[in-house]
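Here is the structure we will look at.
The values are calculated or read from the model by the stated rules, or taken from the named source; none is laboratory data. Values in this document were obtained by computation on a predicted structure and should not be read as measured data. Ideal geometry is used to build each Cβ from the backbone, glycine not excepted, and the neighbour counts take in all protein chains shown.
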Amino acid sequence: MNGRRQATNGLARGALYLTALVALIPLALVLLYTITKGLPAVQHAGFFTNVERPPGIPGGGVAHAIAGTLIMVGLASALAIPIGVLGGVHLAEYGHGRLAGWIRLAADVLVGAPSIAIGLFAYALFVAPFHHFSAYSASLALAVLMLPVVIRTTETAVALIPGGLREAGLALGLARWRVSLQLVLPAAAPGVITGALLAVARASGETAPLLFTTLGNRFFNLDPAGQMSSLTLIVFHDALTPYADSNETAWGAALVLVVLVLLVNLGSRFVLRRQVALAGKL
Amino acid sequence: MRAAADRFRLITAGTGLVAPLALILIVLVLAQQAVPAIAAFGPGFLTGRVWNPVTLQFAALPYIYGTLVTSLIALLIALPIGVGVALFLAEPGHPRIRGPIGIGVELLAAIPSVVYGLWALFVMGPFVFRTFEAPISERLGNFPLFGGPARSTSFFTAGLILAVMVLPTLASVSRDVIRAVPGGLRESSIALGATWWETTWQVILPAARAGIFGATVLALGRALGETIAVTMTIGNRFQISPSLFQPGYSLAAVIANEFTEATAPLHTAALIELGLVLIGVTLTVNLVALALLRATAQRVRPA
């Protein structure tokens, strides 16, 4: 082999390593800045216990936004996860027909639908007719965003379970639905939970579908029929004000959000590892 | 028992059908709500350059322009890096380095867009302005592409943060495509004495070309629809400027900014029509991407 070809090969290899590193620079910088700028903010007294205060008045916090995020994502999960899991079970257990093909296609397309358009949809359906903003409408928008993720990850997880388990159940005289829901689904639980967690992480980080559904709220509100704030809305609004202390709150809320999302993601990775180990044993 | 089995099948099919129904309902509801604007402005809505809530004149060209320009900048930057990362991740060997980079790319996808927006607004934008935009536009300002005065919130800043955000999509889908290239191709090439680079450039990448194109189109769909990070970095100025360093506006950004402040029904309808245009384009783009990826998967699968 001549030297020039070897040199080109070495150069290309080096470039590839460099590219992989370049890809991680933004991640490192975003995390670095969120931590260094967010830490001072979350250490302020009352950051986790108080609600927002006007710019210039110390002691404001994001308690109302944390509650809002948890409640809205919780409601969206209660709607999207059961529907998505059953839909995913259908695709894995009966997924050869044309109907299943349409469901799969719709889920794949829906994953890429712009979240702001889904926010407009929730507004038209649940805000405009009732003439007031509500956390319910935001939860609906978030549920639409979560649904395709849950469907497809559930399908993948359930399809991984070997057919022998189903046959064993059917041979023992179990009804088909019992086999699916009480035998196969529990075996696939880690994978299904992973999908649900990823969907929760996605919903927690969404801002656009909340803008004209829940709108935001400066006060503490636990009633989903009214407006609520969320961590993402705090980041968005406080980043775009000219006040330094509001900007600091934005970084603090961003830190809380990033920690939440990363915990959910790493947690799902841990759960998935158990699924792979389990599937090996079956 | 047979009846119960069928009932279970029907019930789960019903829950599965929620996804296509939601999709259809979203498009229908937005179309219905946009009717006043469609009736008032017709096709001129897409080509006009006036957006005036006071005189109720609405046309969307500058928003469409901003959406397209920022997405194209994002793809131009993210494509080479994304394919590089995909090659790296699909490569056999080096699992110790590959693992952390794979996790890193997944975490890149997990960061909420509002956090990217925040970082781009306060850190990346000003940095890019100081070190890149301002010097270039001072020296090469005669080129329309780099015309000043440069701003830290601009088409370029928004495109750059979009590049970061679509990178994980591009990298992970391309990785799957590259992994699906039959191993025999790589082995034959290496057996013929080709180096790793020659194998990659002349065998692997051509075989994976259609799939990588599919991944790029998928990333385009993500970039077109991204709202919050663009709203925070594009500068929100209603103009069509050839200069990448000047502020602009995008379809998603104007909906985010004006929707709750729109009082006239026609203004609301016009914003919803923007949403309809946006979802129509992204759905089409996604369908094309999925078709490309499925065609590749079928072609590559061993018979």
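Some notes on this structure:
- Counting only helices (runs of 4 or more DSSP H) that sit wholly inside the stretch B:56-129, those with at least 3 residues that are at pLDDT 95 or above are B:61-90, B:113-119, B:125-128.
- Checking B:177, B:166 one by one, the residue that is more than 9 Å from chain A (Cβ to nearest Cβ) and touching a Lys or Arg at 6+ places or on another chain (Cβ under 7 Å) is B:166 and no other.
- Of B:185, B:170, B:160, all but one fail to be part of a helix (DSSP H, G or I), modelled with pLDDT under 95 and either farther than 21 Å from residue A:14 by Cα or hydrophobic (A, V, I, L, M, F, W, C) (or both); the exception is B:185.
- Criterion violated by residue B:198 - all others in (1) within 29 Å of residue A:238 (Cα to Cα); (2) facing chain A (nearest Cβ under 10 Å); (3) of a type in the set (D, E, K, R) satisfied: (1)
- Filter pass, residue B:294 being assigned to a helix (DSSP H, G or I), charged (D, E, K, R) and surrounded by fewer than 23 Cβ atoms within 10 Å (Cβ to Cβ): yes
- Total residues in the stretch A:126-135 satisfying the condition of being closer than 19 Å to residue A:77 by Cα and either in contact with a Phe, Trp or Tyr (Cβ under 8 Å, 6 or more places away or on another chain) or at pLDDT below 95 (or both): the figure is 2.
Listed here are the residues, each with its yes/no results for (1) facing another protein chain (nearest Cβ under 10 Å); (2) crowded, with 20+ Cβ neighbours inside 10 Å; (3) free of Cβ contacts under 8 Å to residues at least 12 places away in the same chain; (4) of a type outside the set (Gly, Ala, Ser).
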position: B:7; (1), (2), (3), (4): yes, no, yes, yes
position: B:33; (1), (2), (3), (4): yes, yes, no, yes
position: B:70; (1), (2), (3), (4): no, yes, no, yes
position: B:78; (1), (2), (3), (4): yes, yes, no, no
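- Residue in the stretch A:84-99 that is farther than 30 Å from residue B:9 by Cβ and either hydrophobic (A, V, I, L, M, F, W, C) or outside any helix (DSSP H, G or I) (or both) present: no
- Of all residues in the stretch B:35-67, those being out of contact with any helix residue (DSSP H, G or I) (no Cβ under 8 Å at 6 or more places or on another chain) and either in contact (Cβ under 8 Å) with a residue 40 or more places away in the chain or buried (at least 18 other Cβ atoms within 10 Å of the Cβ) (or both) number 2.
- Options B:209, B:237; residue that is assigned to a loop (DSSP other than H, G, I, E, B), among the charged types (D, E, K, R) and within 29 Å of the chain's Cα centre (by Cα): B:237
- Total residues in the stretch A:53-76, condition buried (at least 16 other Cβ atoms within 10 Å of the Cβ), touching a helix residue (DSSP H, G or I) at 6+ places or on another chain (Cβ under 7 Å) and farther than 21 Å from residue A:143 by Cα: 2
- Hey, residue A:113 free of Cβ contacts under 8 Å to residues at least 40 places away in the same chain, among the small types (Gly, Ala, Ser) and either out of contact with any Cys (no Cβ under 9 Å at 6 or more places or on another chain) or part of a helix (DSSP H, G or I) (or both) or not: yes
- Selection status of residue A:31, more than 7 Å from chain B (Cβ to nearest Cβ), surrounded by 16 or more Cβ atoms within 10 Å (Cβ to Cβ), assigned to a helix (DSSP H, G or I) and at pLDDT 95 or above: yes
- Condition met for residue B:104 (of a type outside the set (A, V, I, L, M), under 30 Å from residue A:264 (Cβ atoms) and touching a residue at least 24 places away in the same chain (Cβ under 8 Å)): no
- Residues that are in contact (Cβ under 8 Å) with a residue 24 or more places away in the chain and within 7 Å of chain B (Cβ to nearest Cβ) were ranked within the stretch A:71-105; the one that is farthest from residue B:7 (Cα to Cα) is A:103.
- Selection count, the stretch A:106-142, where residues are of a type in the set (Val, Ile, Thr), more than 7 Å from chain B (Cβ to nearest Cβ) and under 20 Å from the mean Cα position of the chain (by Cα): 1
- Leading residue by the ranking (farthest from residue A:205 (Cα to Cα)) among those in the stretch B:84-103 that are within 20 Å of the chain's Cα centre (by Cα) and facing chain A (nearest Cβ under 9 Å): B:84
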